[in-house]
Structures are given as C-alpha cells and as structure tokens.
Amino acid sequence: MQNRKLGNSSLSVSPICFGGNVFGWTADEAMSFRLLDRWVEAGFNFIDTADVYSRWVDGNNGGESEVIIGNWLASRGGRDKIVLATKLGMDMGDGKVGLSAKYITQAVEDSLRRLKTDYIDLYQSHKDDPDTPVEETLGAYQKLIEQGKVREIGASNFTAARLQESLDASTRDGLPRYQSLQPLYSLVERDTLEGELEAVCLKENVGVIGFYSLASGFLTGKYRSKADMEGQTRAPRVEKYVNEGGFRVLEALDAAAAKHNAKPGQVALAWLIARPSVTSPIASATNMDQLEELMAAAEVTLDQGDIEAIDAASKP
C-alpha cells in the first residue's frame, strides 16, 4: 500500500480515509478503539471527523466523535502515526456556525481540547459561509498555521466558483491554500463532483477526499430490495438508490468483483482510488468484519476494461 500526497501539501495519506462520523453514533467508544487500533496496525494513517459529529443523534450535542478519538489518542499515543482531519462550520447551536475569523479561533480550541492534541493535520471548512469573505476565513487559518495549531487546510461542500475564488485569494494575497475538497461522491452520486468542480480540483491540484463513498452501504450490495432496508439505521439514506440505476451499478460491481475475487464495495472504492482527481475516498466501518473488508479494497487494482464497464453502468 502506497501513501499519496494530498494536493500540494506536506501530508502523505493512505489511499482510504476512515470516516469518523460513526464514532459515538453506530460505534460506541470500545468498538471505536478497536477499529482505530486495527486501522493503524494495518498501516493506514488517515482519519477524518468533524466537530458536529454526531449532533444528529438524540442526546448528543456534537463533538462526540472528536472526544472518542481524543480518548483513543490519550490511551494509545502515536499521534505522529496518523493524519488527523476535522472540520468546522456546521451549526453547533448557540450561534456556533460559519467561517468567521472570530468563530474559527473559538472552534479550533474546542476541537483541540476534545481531540487531546496540540495540532490538527487537516482543518476543513465543512461548508461554505457566503456571509464571510474568503479572505477573512483564510486569514484566520493563516494565524492558526503560524501558531502551529493547524498544518494544512481543506474545504468541503463548496461550489466550483467558491473554491476557485478561495484559491485565487490564496495566490493573490499569499494566504494558506485549500489542499483538499471533501464532496459527496460515489458511483451513484457522481454529478456532485464531476464537471466544473472536478475540473477545478484537477487544474489546481486539490486532492478529493469524497464522503459517502459507499453510498451509506448501498454499494456493498447489502441492499438489493426494499425488504433489505427494514430496520436498518441507514435505510432512509439508502432508499433513493434502490432503483433500476442503482441495480445497474451493482451488476457492474458484481461482475468486476467476481473477476478480481473481491466484493462489490471493495470494487466501488477501487474505482474511486483509480480516479485521477481522488486522493483518498472516505469510508466508515462499525465492526471488525466491515473494517477488514474496507481495508482490503486498497489492494484491488482495476484494469481499464473494468473501469470503463463501471463508468458506463454508473453514468448519470
């Protein structure tokens, strides 16, 4: 397994990123520790979370995922063995939202405290803030980098125009540059990235680390009928894929999986890894079997015929 450079940054990351949205939601602290231990043991180093994870769960306030990762780091050590990414900007309640310089200064301290670390490797704008000039946001990040609290910055859920505006400001004003983009991107959600946004990323060498890479589990082949979704936590997210187009993608994944002695979800991740714009797709696991299957995807190499067949089946 070969690590990949993230954009023009100094960060070298594993070809798959572990999505920490499950920590404190569908994986409790004990299971989260086991998953993280195995992830690092297997040679992977990239872990992504956000301050808002998992505020959507009844009884949670946000920050639960960061707290679990922080407790794991405090227990295990080895901070230098991982590339730790987190995000800010989503609504945390009590007016904690956006990308103003004032809020960034507060939010980073909250994340550092929860993560029990002195620095964040990749600090990301979780969504655009149209009410704050991009220069103000980037200037706040510059101060954090100068203070050693942040190494590199990234964006998430940005339009092509706003990403380009930010990159232009970085060049013009000598400000930190977004080295990554985190968009919704999978074989059944291609139009969010492909087109103008992907073109900007390729032209500017911004590494794509897309989320929902397995479409909430649909691309593993777990959901092949409405009946398969009954009682499943992720059923509301998956329902929109259970249709003719989704089944066509699964059929292509099944064919490639049989050829490579792999599983459909591994092929879906291998397709993303092979995409020129993608540095490290984000995927999650909530138990050890899922994790082993996820990690094995890094060893699946698709040929051009596989990629073309999957492309044809998954074109919007």
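The values are calculated or read from the model by the stated rules, or taken from the named source; none is laboratory data. Bear in mind the structure is a predicted one, so any value in this text is a computation, not a measurement. For neighbour counting, all protein chains shown are included, and Cβ atoms are generated from backbone atoms with ideal geometry for every residue, glycine included.
Worth pointing out:
- A single entry from Ala50, Ala101, Ala74 fulfils the requirement of being surrounded by 14 or more Cβ atoms within 10 Å (Cβ to Cβ) and touching a Lys or Arg at 6+ places or on another chain (Cβ under 6 Å): Ala50.
- Region 76-97, residues that are over 19 Å from the mean Cα position of the chain (by Cα) and either within 23 Å of Val57 (Cβ to Cβ) or of a type in the set (A, V, I, L, M) (or both): Met92, Gly93, Asp94, Gly95, Lys96, Val97
- Any hit, region 291-312, residues being more than 23 Å from the chain's Cα centre (by Cα), surrounded by 15 or more Cβ atoms within 10 Å (Cβ to Cβ) and in contact (Cβ under 8 Å) with a residue 12 or more places away in the chain: yes
- Pick from region 188-214, criterion buried (at least 24 other Cβ atoms within 10 Å of the Cβ) and of a type in the set (Gly, Ala, Ser), ranking: nearest to the chain's Cα centre (by Cα): Gly210
- If you go through region 215-224 and keep only what is out of contact with any Ser or Thr (no Cβ under 8 Å at 6 or more places or on another chain) and either buried (at least 23 other Cβ atoms within 10 Å of the Cβ) or touching a residue at least 12 places away in the same chain (Cβ under 8 Å) (or both), you end up with Ser216, Gly217, Phe218, Thr220, Gly221, Tyr223, Arg224.
- Any hit, region 13-34, residues being in contact with a strand residue (DSSP E or B) (Cβ under 8 Å, 6 or more places away or on another chain), more than 18 Å from Gly154 (Cβ to Cβ) and not acidic (Asp, Glu): yes
- Just one of (1) at negative phi; (2) crowded, with 18+ Cβ neighbours inside 10 Å; (3) in a loop (DSSP other than H, G, I, E, B); (4) not aromatic (Phe, Trp, Tyr) fails for Val108. It is (3).
- Matching option when the condition is surrounded by fewer than 16 Cβ atoms within 10 Å (Cβ to Cβ) and touching a Lys or Arg at 6+ places or on another chain (Cβ under 8 Å), among Thr171, Thr117: Thr171
- Only one of Val22, Val40, Val67, Val57 that is over 17 Å from Ala285 (Cα atoms), β-branched (Val, Ile, Thr) and modelled with pLDDT of 95 or more: Val67
- Residues of region 227-255 classified as part of a helix (DSSP H, G or I), over 21 Å from Phe18 (Cα atoms) and at pLDDT 70 or above, total: 16
- Pairs where the first residue, in region 25-52, is among the polar types (S, T, N, Q) and the second is in a loop (DSSP other than H, G, I, E, B) and buried (at least 17 other Cβ atoms within 10 Å of the Cβ), C-beta under 6 Å, 6+ apart: Thr26/Thr286; Asn45/Ser14; Asn45/Ile82
- For region 77-94, the candidate set comprises residues that are small (Gly, Ala, Ser) and closer than 20 Å to Ile153 by Cα; within that set, the residue that is surrounded by the fewest Cβ atoms within 10 Å (Cβ to Cβ) is Gly89.
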